[in-house]
Amino acid sequence: LPLESPAFAEAANIVKEGFAAAAMRGQTLPLIIRLYSTTDDPLDILVTYHQALTAGAVFVVGPLTRDGVSAVATSNLSKVPTLALNTVDSQITLPPQFYLFGLQMESEAGQIAQWALTSGRNHAIIISDDSALSKRLQNAFIQSWPSENSKTAESLRFVDNPTILQQFRSLTAGGDRLVFLALDAAKSRILRAYLDPDAPVYATSQIFTGAGNFLFNNDLNGIRFLDMPWLLQPDHPAVMAYRHTSQARSTDMERLYALGIDAFRLMTDLLHLRPADEISFDGVTGYIRFAPPSQFIREAVAAQFEYGKVQLMTIPGNIAEHEGQ
């Protein structure tokens, strides 16, 4: 974990805390868990990864950063099962037993596209800005949105200008249109009032900043979004089992804590030599299952803002439904 990185140390420490909490409550392993602290320099990560293998590691969890994961994946060092906590570019071929698991919102955008199909609307309007994340979310949604059977899509650019935003009401009006916001919470809050009130609106977890932000959430009224059980389902069995009592953190930090919990649980399953494609469980980050060739994906929980409060929703065809969760 990049505990020595000024940019990523806080996030790394939260992941470590979640992992440790799960280790304390989880199955007893006949193995020692050793923590290796790195910077965010890919070379330093490679050297540390090699040190772990030299010391006899039989399983590695990490790296946490995208550059670090790519560095290890493209090296010749990976000789033991590795659970990387981020993703890599699609053109990279991963070594055997090199698994990806993380909090990438691109997978949420793909799930939202499938969810939006159940609305009965055929024309998707994606509203994004110039950020790299927004562009990735836009692309992920489009890739999962059918391009046939009368399904169409168009992209609009968010500009914080009331005169321009006023045009969005007519652009999103019509009984066959839905909206996907590839935007953060602040921009979505600004834009919400300018959208046609009858158009279904969807967004990723970045729109949710906490159930306690009543006034903020009230301005997002009607928007449907995805997030993890850790934040939306306090009565979820796994959430109750691992719930911590430390001081309140931001939703971003809470998500990283939950990532650490489910990373430990995934590691435990893989250490028991279960085939990856047979592993699935109801985790605190979502319903987790394997998507070949190397990705563990999280099926998130659906919700909607209603008068400042969060109301859970059901997505038709959701795997957790079929599992009776």
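The values are calculated or read from the model by the stated rules, or taken from the named source; none is laboratory data. Since we're looking at a predicted model, the values are computed, not measured. So basically every Cβ, Gly included, is an ideal-geometry build from the backbone, and we count neighbours across all protein chains shown. Calculation scope for accessible area: heavy atoms of the full protein, side chains included, ligands and nucleic acids excluded. Shrake-Rupley method; radii C 1.70, N 1.55, O 1.52, S 1.80 Å.
Within the range 14-59, can you find the residues that are out of contact with any helix residue (DSSP H, G or I) (no Cβ under 9 Å at 6 or more places or on another chain) and either under 19 Å from Gly102 (Cα atoms) or among the β-branched types (Val, Ile, Thr) (or both)?
The answer is Thr28, Ile32, Val47, Thr48, Thr54.
Restricting attention to the range 134-184, which residues are of a type in the set (Gly, Ala, Ser) and closer than 23 Å to Ser107 by Cα? Working first, answer last.
Within the range 134-184, the first condition is being of a type in the set (Gly, Ala, Ser), and the residues that meet it are 134, 140, 144, 147, 150, 153, 155, 170, 173-175, 182.
If the condition is that a residue be of a type in the set (Gly, Ala, Ser) and closer than 23 Å to Ser107 by Cα, then Ser134, Ala140, Ser144, Ser147, Ala153, Ser155, Ala182 are the ones that fit.
Got at least one residue in the range 88-104 being in a helix (DSSP H, G or I), open to solvent by 30 Å² or more (accessible area, probe 1.4 Å), under 23 Å from Ser131 (Cα atoms) and not acidic (Asp, Glu)?
No, the range 88-104 has no match at all.
Quick grid of which residues meet (1) closer than 30 Å to Ala124 by Cβ; (2) of a type outside the set (Gly, Ala, Ser); (3) assigned to a helix (DSSP H, G or I):
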{"site": "Gly210", "(1), (2), (3)": "yes, no, no"}
{"site": "Asn217", "(1), (2), (3)": "yes, yes, yes"}
{"site": "Leu226", "(1), (2), (3)": "yes, yes, no"}
{"site": "Pro234", "(1), (2), (3)": "no, yes, no"}
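Regarding Arg157, is this residue in contact with a helix residue (DSSP H, G or I) (Cβ under 8 Å, 6 or more places away or on another chain), at pLDDT 95 or above and open to solvent by 70 Å² or more (accessible area, probe 1.4 Å)?
Details: in contact with a helix residue (DSSP H, G or I) (Cβ under 8 Å, 6 or more places away or on another chain): no; at pLDDT 95 or above: yes; open to solvent by 70 Å² or more (accessible area, probe 1.4 Å): yes.
No.
All but one of (1) assigned to a helix (DSSP H, G or I); (2) surrounded by fewer than 16 Cβ atoms within 10 Å (Cβ to Cβ); (3) without any contact (Cβ under 8 Å) to a residue 40 or more places away in the chain; (4) not aromatic (Phe, Trp, Tyr) hold for Ala241, so report the exception by its number.
In the conditions (1) assigned to a helix (DSSP H, G or I); (2) surrounded by fewer than 16 Cβ atoms within 10 Å (Cβ to Cβ); (3) without any contact (Cβ under 8 Å) to a residue 40 or more places away in the chain; (4) not aromatic (Phe, Trp, Tyr), Ala241 misses (3) alone.
Counting only residues that are closer than 15 Å to Ala173 by Cα, among the hydrophobic types (A, V, I, L, M, F, W, C) and assigned to a helix (DSSP H, G or I), how many does the range 188-203 have?
Residues flagged as closer than 15 Å to Ala173 by Cα, among the hydrophobic types (A, V, I, L, M, F, W, C) and assigned to a helix (DSSP H, G or I) within the range 188-203 amount to 1.
Given the structure, is Leu178 touching a strand residue (DSSP E or B) at 6+ places or on another chain (Cβ under 6 Å), open to solvent by 20 Å² or more (accessible area, probe 1.4 Å) and at negative phi?
Numbers: touching a strand residue (DSSP E or B) at 6+ places or on another chain (Cβ under 6 Å): yes; open to solvent by 20 Å² or more (accessible area, probe 1.4 Å): no; at negative phi: yes.
No; evaluated as a whole, the condition is false for this residue.
Return the residues of the range 225-238 that are in contact with a strand residue (DSSP E or B) (Cβ under 8 Å, 6 or more places away or on another chain) and surrounded by 23 or more Cβ atoms within 10 Å (Cβ to Cβ); say none if nothing qualifies. Please lay out each step first, then the result.
Quick first cut of the range 225-238, residues in contact with a strand residue (DSSP E or B) (Cβ under 8 Å, 6 or more places away or on another chain) only: 225-229, 232-233, 236-238.
If the condition is that a residue be in contact with a strand residue (DSSP E or B) (Cβ under 8 Å, 6 or more places away or on another chain) and surrounded by 23 or more Cβ atoms within 10 Å (Cβ to Cβ), then Phe225, Leu226, Asp227, Met228, Pro229 are the ones that fit.
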